[in-house]
1. Quick one: which of 177-184, 61-68 comes out on top by average Cβ neighbours within 10 Å, and what's the full order, highest first?
2. Counting only protein heavy atoms and a 1.4 Å probe, tell me what percentage of segment 36-147's accessible area is made up of carbon and sulfur.
3. Treating only the Cβ atoms of Lys and Arg (+1) and Asp and Glu (-1) as charged, compute the dipole magnitude of segment 60-129 about its Cα centre; round to the nearest 20 debye.
4. What distance in nm separates the simple spin-label points at THR106 and ALA145, each placed 7 Å from Cα in the Cβ direction?
5. Which value, in Å², gives the accessible area per residue of segment 151-193 when a 1.4 Å probe is used on the protein heavy atoms?
6. Sort the following peptides by mean Cβ neighbour count (other Cβ atoms within 10 Å, averaged over residues), highest first: 102-115, 78-91.
7. Over segment 124-174, what portion of Cα pair distances is larger than 14 Å, expressed as a whole percent?
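The values are calculated or read from the model by the stated rules, or taken from the named source; none is laboratory data. All figures in this text were calculated on a predicted structure; none of them were measured in a lab. No Cβ is skipped: glycine too gets one built from the backbone with ideal geometry, and neighbour counts run over all protein chains shown. Heads up: the accessible areas ignore ligands, DNA and RNA and are worked out on the full protein's heavy atoms, side chains in. Shrake-Rupley method; radii C 1.70, N 1.55, O 1.52, S 1.80 Å.
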Amino acid sequence: MSLLGRGWKLAAVFTLLTVAALSAEDLGEGGYRLAETERDPAVETALLDLFPDYSHEAMEAGGQTARYLYNRVDLDGDGRDEAVVYLLGTHFCGTGGCNLVILRPTENGMAVVNNFPASEVPLVVKRHASNGWRDLVRLPAGGGAEPAYHLLQFNGERYVAAGTVVDNLALEGTALLADDVHFGLGNPLEPRQ
């Protein structure tokens, strides 16, 4: 059973890994972007479609309404912003972090590009692109592995791991969702009726 199942406060899950902390120097000229503050109905609909098991019963069993943080950024250069979303709550988080979801705009709302479980934020967006989409750097967490940033490159359909980033020069970019994450932050994600 996870720590969450034993009633530990979920906030305890979010400890900063000092060996993996990003500094302003690591990011170069890109800097940090805090999460958007207004709710986004298209993002919420896409998340509820992706996680149909997130229900009122699941929310009540977890003892809290999930929340989400997001940033909009044009990852594929088409002039329309994708959404990078970080979910918070017992339904979406474990001892290694929470789900990080990348959504792309469609004619009918938003569609999932990737869903990364057990992730930490921030997510770094690099200037370099692969197959027309900007490269990303994320910190996967959990499983007892040593923390290390991983380079993600778009393969034409989704982002895939391209290797571990070992030096600070490879981290240069813009850090999204660079907030001091806690469960009072973000927008509520209400389950469907």
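1. In descending order of packing, they fall as 61-68, 177-184.
2. 45
3. With only Lys, Arg, Asp and Glu charged at Cβ, the dipole is about 160 debye.
4. Spacing of the two 7 Å Cα→Cβ label points: 2.9 nm.
5. Roughly 54 Å² per residue, with all protein chains present.
6. 78-91, 102-115
7. When all Cα pairs of segment 124-174 are counted, 49 percent exceed 14 Å.
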